[in-house]
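Comments concern the structure below.
The values are calculated or read from the model by the stated rules, or taken from the named source; none is laboratory data. Remember, it's a predicted structure, so these values are computed and weren't measured experimentally. Cβ sites come from the backbone with ideal geometry, for glycine too, and all protein chains shown count toward neighbours. Remember, those area values only see protein heavy atoms, side chains included, never the ligands or the DNA or RNA. Shrake-Rupley method; radii C 1.70, N 1.55, O 1.52, S 1.80 Å.
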Amino acid sequence: MTLRLPERRLLPSMVEARWGRIVFISSVSTVSGTGRYGAYILCKSALEGLMRNLAVDYGANDLVIPAGRG
């Protein structure tokens, strides 16, 4: 499976500008768990991992990459 995420196109221009924001919407289900929603929780957990990785990789370039849990 290949993810085609918009931030891959946006990040180069944000790094060049040394400013930018990417906001991910996550879920409290990733920490509390919910029955019968394994695929949903898996996807949201992967999104949180991606967000943390991008924050570490691009934080030094003054980019902010938070995730809100709803």
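Some observations on this one:
- Coil-residue trypsin sites (Lys or Arg not before Pro) of the chain, DSSP, other Cβ within 10 Å capped at 14: R4, R18, R36
- For the chain, the longest piece that avoids every one of the chymotrypsin sites (Phe, Trp or Tyr not before Pro) found in DSSP loops with at most 13 other C-beta atoms within 10 Å covers 38-70.
- Helix-only [θ]222 nm of the chain, DSSP H runs n ≥ 4, -39500 (n - 2.57) each, per residue, nearest 500: -16000 deg cm²/dmol
- Residues whose amide H lies under 5 Å from that of S27, counting only those 5 or more places away or on a different chain, are G70; hydrogens are built 1.01 Å from N in the peptide plane.
- With all protein chains kept in place, the per residue accessible area of the chain amounts to 73 square angstrom at a probe of 1.4 angstrom.
- The chain - percent of accessible surface contributed by carbon and sulfur, probe 1.4 Å: 59 percent
- In terms of its alpha-carbon gyration tensor, the chain comes out prolate; a/c meets the 1.5 threshold, and the first ratio a/b outweighs b/c.
- Angle in degrees between helix 38-58 and the longest Cα principal axis of the chain, rounded to the nearest 10: 20 degrees
- Legend: residues L5, L11, sorted from most to least accessible area (1.4 Å probe; ligands, DNA and RNA excluded), read L5, L11.
- The chain: angle of helix 7-17 to the longest principal axis, Cα-based, in degrees nearest 10: 30 degrees
- Positive-end residue of G33, S13, A55, charge dipole of the chain with Cβ unit charges: G33
- Based on Cα contacts under 8 Å between residues 6+ apart, segment 15-70 shows a relative contact order of 57 percent.
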